Amino acid sequence: MTALTEGLREAAERVHAISLTCWPNQVYCVRDSQGKAMAEPNDEMVREYERLGWKHAGFTRGYDALMNRWNYVKDLREFSNAGELLASYAKNTRRNVKIARNSGVEVRRLNRSELNVFHDICELSSERQHFANRSLDYFERVYDAFGDKAEFMVAEVHLDRYLQSWEEKLAKFSKDVERWERSLEHTKYPDDVRKKLDTAQKNVESARRRIEDANERIARDGEVVPVAVGLFMWHERELVYFSSGSDDRYAKFYAPTALQHEMMSRCLERGVTRYNFYGISGVFDDPEDDGRGVLEFKQGFNGYVEELSGEFTLPVSKLRYGVSDLAHKLLRH
């Protein structure tokens, strides 16, 4: 670290820099899914940086504009197949993966000419969550620069299949109604039969509502609808879930959950043993926190939290840095 620091300082001096800032990819504290520390924080690492002249920006919470200080991660080493992986999720997340599967949700990779789909769905999320979306040009440049290491994925709802599955269910439920109606004519236990008949009739009504909804969606959106997207960055040691978006009108199809499960399953196929859900706010005890929804979504996959060391700044020109630092402090007040 001493040699690296001196090398960085010399390089910065050659270009007349005032200071140099870095965000080390070093874990300060490993925490469980609820944010509780699982080991002692690495304060010695922070002290070593400070001994070498780096100034620590502090143990911040919230989303940083450049680098996350809090990441949510899942260790995949103990799983050999997608079934074992699915079983490790929280109950509701397991259910949502199955709902997506039974609702005609499929995941595939977008090609370059389809990046407008990615951009437009991210735009829906940016408007809903009040953050700035990247431009289409940015996504095209990522696609060109990273090649196969960057995968733009989409989860699509095949409404034609969804409609067909509910039509088949309606036929089955209708037969159940007929069967219990006939049974009611001669049964010795009419109360039990009426309960079963009532359940069957409710199933018929539910199926009819689903069919009506599916037909309306097909008329409006077509038979195959892209509803969730994600940019995933492959590395030898991990897959990073980099950015995403979803169409809130299709929230009950749970396409984002299906997308996560699909990509973790692909990690198992490739032998990648670490899945990085990327940033969370680091706030665990405030249900009103802006990042609460993101946190709870990721917690459903039963991973853990890595709190990174954060931002360090190395003054290069101490006089100019001191003046700049003072000016920033005065502006903040």
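Some points to look at:
- Subset of the stretch 135-153 (residues that are in a helix (DSSP H, G or I), among the hydrophobic types (A, V, I, L, M, F, W, C) and open to solvent by less than 40 Å² (accessible area, probe 1.4 Å)): PHE139, VAL142
- Odd one out for GLY222 among (1) within 21 Å of GLY300 (Cβ to Cβ); (2) over 16 Å from the mean Cα position of the chain (by Cα): (1)
- Among the residues of the stretch 119-134, the ones that are open to solvent by less than 60 Å² (accessible area, probe 1.4 Å) and either in a helix (DSSP H, G or I) or farther than 14 Å from LEU231 by Cα (or both) come to 5 in all.
- Residue in the stretch 269-286 that is out of contact with any Gly (no Cβ under 8 Å at 6 or more places or on another chain) and hydrophobic (A, V, I, L, M, F, W, C) present: yes
- Selection from the stretch 245-300 of residues that are modelled with pLDDT under 95, among the charged types (D, E, K, R) and open to solvent by less than 50 Å² (accessible area, probe 1.4 Å): ASP289
- Residue in the stretch 162-185 that is open to solvent by 30 Å² or more (accessible area, probe 1.4 Å), closer than 30 Å to ARG112 by Cβ and either without any contact (Cβ under 8 Å) to a residue 12 or more places away in the chain or in a helix (DSSP H, G or I) (or both) present: no
- Boolean, ARG108 is surrounded by 14 or more Cβ atoms within 10 Å (Cβ to Cβ), touching a residue at least 24 places away in the same chain (Cβ under 8 Å) and not polar (S, T, N, Q): no
- Restricting attention to the stretch 1-28, the residues being of a type in the set (Lys, Arg) and either outside any helix (DSSP H, G or I) or surrounded by 13 or more Cβ atoms within 10 Å (Cβ to Cβ) (or both) number 1.
- Among the residues of the stretch 98-118, just one is among the acidic types (Asp, Glu) and outside any helix (DSSP H, G or I), namely GLU106.
- Candidates in the stretch 211-244 are the residues that are over 16 Å from GLU151 (Cβ atoms) and among the charged types (D, E, K, R); of these, the one that is surrounded by the most Cβ atoms within 10 Å (Cβ to Cβ) is ARG217.
- Scope the stretch 58-84; condition within 16 Å of the chain's Cα centre (by Cα) and either part of a helix (DSSP H, G or I) or β-branched (Val, Ile, Thr) (or both); matching residues: VAL73
- Boolean, ARG208 is in contact (Cβ under 8 Å) with a residue 12 or more places away in the chain, open to solvent by 30 Å² or more (accessible area, probe 1.4 Å) and more than 30 Å from ASP64 (Cα to Cα): yes
- Residue list for the stretch 286-325, restricted to those being among the β-branched types (Val, Ile, Thr) and free of Cβ contacts under 8 Å to residues at least 60 places away in the same chain: VAL294, VAL323
- Annotation note: Cβ proximity below 6 Å between a residue of the stretch 1-24 that is more than 10 Å from VAL316 (Cα to Cα) and a residue that is assigned to a strand (DSSP E or B) (sequence gap 6+ or interchain) occurs for THR21/THR313; CYS22/PHE312.
- Any hit, the stretch 43-62, residues being within 19 Å of GLU238 (Cα to Cα), open to solvent by 30 Å² or more (accessible area, probe 1.4 Å) and in contact (Cβ under 8 Å) with a residue 24 or more places away in the chain: no
- Residue within the stretch 30-52 that is in a strand (DSSP E or B) and either under 17 Å from the mean Cα position of the chain (by Cα) or of a type in the set (Val, Ile, Thr) (or both) present: yes
The values are calculated or read from the model by the stated rules, or taken from the named source; none is laboratory data. Quick caveat: nothing in here was measured; it's all calculated off a predicted structure. Note that each Cβ is placed from the backbone with ideal geometry, even for glycine, and that neighbours are counted across all protein chains shown. Keep in mind that these areas ignore ligands, DNA and RNA; they rest on the heavy atoms of the full protein, side chains included. Shrake-Rupley method; radii C 1.70, N 1.55, O 1.52, S 1.80 Å.
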